[in-house]
Amino acid sequence: MQPRRPTELTPEERATYEWQMWLPGFGEEGQRKLKAASVLVSRVGGLAGLVAYQLAAAGLGRLVLAHAGDLRADDLNRQLLQTHGHIGRPRIESVVRRLRELNPRVEIVGVDENISDANAGTLLAQADIAVDAAPLFHERFALNRAAVALRKPMVECAMYAMEARLTVFRPGETGCLECLHPEAPPEWKRQFPVLGAVSGAVACLGAVEGVKLLTGLGTPLLGTLLTMDLGTMHFRRHRLRRRRDCPVCGSLFAPDHEL
């Protein structure tokens, strides 16, 4: 874990974040908590790129961003931290540059790798919480295992076509991703229908959940799955249950724990 940043707000920070510090239950104390906090984001594309953007705008202290590969033309309908002139170059370079341009006070660590079993623990050890928005389930499962092992909350964001899902896992209090998905859904592939505005909608909600976890503002979606059909604007909340036989988080609970 990196050393904590000083949490006293500068005059410039007070001026920048003044309007959000007017939020009931947030105030200057909430802003100091954000400044002291760090978040790992898995993939910073059309969805989590905007999570990172919103967290940087809100005054988070440190972002650790993991995303490999070079920018392609077909990324640009949704990956709003990219630019046309960056096609063919590493995506993470543009992400880091654009976030630093937005808020130079945020420490940005760009990692030109996707999350895997080999790096998930090391990267998550540098953060307080994780935001998961990887397109492939082996990456999601790797981050989930690291989050449970390190006892760190994870904001889980996903979308497909006009549908989106959002939940929050906290090890020892809720189940985990493998409770919800014991196996990767067979239809989950690298390429799928994406409208950028749908990615952006769930991204903003995911950023709100991250702020709530880090500052105590509001009530996070712990143990609750929010599903959204943006084609009909139909939103539902579903209670998530732990699986006693979950190979990842089952050992965190006593046998008689209420499920």
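The values are calculated or read from the model by the stated rules, or taken from the named source; none is laboratory data. Everything quoted here is computed from the prediction, not taken from an experiment. Note: ideal-geometry Cβ built from the backbone for every residue, glycine included; neighbour counts use all protein chains shown. Side chains included, ligands, DNA and RNA excluded: accessible areas come from the protein's heavy atoms. Shrake-Rupley method; radii C 1.70, N 1.55, O 1.52, S 1.80 Å.
A Cβ distance below 9 Å, combined with a sequence gap of six or more or placement on separate chains, defines the contacts here; from segment 112-129, residues that are at negative phi reach residues that are among the hydroxyl-bearing types (Ser, Thr, Tyr) in the pairs Asn114/Ser42; Ile115/Ser42; Ala120/Ser42; Leu123/Ser42; Gln126/Ser38; Ala127/Ser38; Asp128/Ser38; Ile129/Ser38. Criterion first (in a helix (DSSP H, G or I), under 17 Å from Ser199 (Cβ atoms) and touching a residue at least 60 places away in the same chain (Cβ under 8 Å)) does Leu55 satisfy it? Here the answer is yes, as Leu55 does meet what is asked. Within segment 226-240, residues that are aromatic (Phe, Trp, Tyr) sit with their Cβ atoms under 6 Å from residues that are part of a strand (DSSP E or B) and at pLDDT 95 or above, at 6+ positions apart or across chains, in these pairs: Phe235/Met228.
Just one of (1) hydrophobic (A, V, I, L, M, F, W, C); (2) modelled with pLDDT of 95 or more; (3) out of contact with any helix residue (DSSP H, G or I) (no Cβ under 8 Å at 6 or more places or on another chain); (4) open to solvent by 40 Å² or more (accessible area, probe 1.4 Å) fails for Leu213. It is (4).
Applying the criterion of being of a type in the set (S, T, N, Q) and farther than 17 Å from Arg91 by Cα to the residues of segment 36-65, the residue that is least open to solvent (accessible area, probe 1.4 Å) is Ser38. Can you find, within segment 86-103, the residue that is surrounded by the most Cβ atoms within 10 Å (Cβ to Cβ) among those that are of a type in the set (D, E, K, R), in contact with a strand residue (DSSP E or B) (Cβ under 8 Å, 6 or more places away or on another chain) and in contact (Cβ under 8 Å) with a residue 12 or more places away in the chain? So, considering only residues that are of a type in the set (D, E, K, R), in contact with a strand residue (DSSP E or B) (Cβ under 8 Å, 6 or more places away or on another chain) and in contact (Cβ under 8 Å) with a residue 12 or more places away in the chain, the one surrounded by the most Cβ atoms within 10 Å (Cβ to Cβ) is Arg91. When Phe192 is tested against the conditions (1) part of a loop (DSSP other than H, G, I, E, B); (2) in contact with a strand residue (DSSP E or B) (Cβ under 8 Å, 6 or more places away or on another chain); (3) open to solvent by less than 40 Å² (accessible area, probe 1.4 Å), the lone failure is (3).
Of all residues in segment 223-245, those satisfying the criterion of being farther than 21 Å from Leu213 by Cα, assigned to a loop (DSSP other than H, G, I, E, B) and either at pLDDT 95 or above or among the small types (Gly, Ala, Ser) (or both) are Leu230, Gly231, Thr232, Met233. Residues considered: Glu156, Glu183, Glu178. Of these, the only one that is more than 17 Å from Ile115 (Cα to Cα) and either open to solvent by less than 40 Å² (accessible area, probe 1.4 Å) or assigned to a loop (DSSP other than H, G, I, E, B) (or both) is Glu183.
Of the residues in segment 66-85, at least one is open to solvent by less than 30 Å² (accessible area, probe 1.4 Å), at negative phi, in contact with a strand residue (DSSP E or B) (Cβ under 6 Å, 6 or more places away or on another chain) and not aromatic (Phe, Trp, Tyr).
Might you check whether a residue that is in a helix (DSSP H, G or I) and either within 15 Å of Ile129 (Cβ to Cβ) or in contact (Cβ under 8 Å) with a residue 40 or more places away in the chain (or both) occurs anywhere in segment 60-77?
Filtering segment 60-77 for residues in a helix (DSSP H, G or I) gives 73-75.
If we keep only those that are either within 15 Å of Ile129 (Cβ to Cβ) or in contact (Cβ under 8 Å) with a residue 40 or more places away in the chain (or both) too, we end up with none.
So far as segment 60-77 goes, no, none of its residues is in a helix (DSSP H, G or I) and either within 15 Å of Ile129 (Cβ to Cβ) or in contact (Cβ under 8 Å) with a residue 40 or more places away in the chain (or both).
For segment 104-145, give me each residue that is more than 16 Å from Leu47 (Cα to Cα), in a helix (DSSP H, G or I) and open to solvent by less than 10 Å² (accessible area, probe 1.4 Å). Ala120, Leu124, Ala142, Leu143, Asn144 - these are the residues of segment 104-145 that are more than 16 Å from Leu47 (Cα to Cα), in a helix (DSSP H, G or I) and open to solvent by less than 10 Å² (accessible area, probe 1.4 Å). Number of residues in segment 224-234 that are within 16 Å of Val131 (Cα to Cα) and surrounded by 17 or more Cβ atoms within 10 Å (Cβ to Cβ) equals 1.
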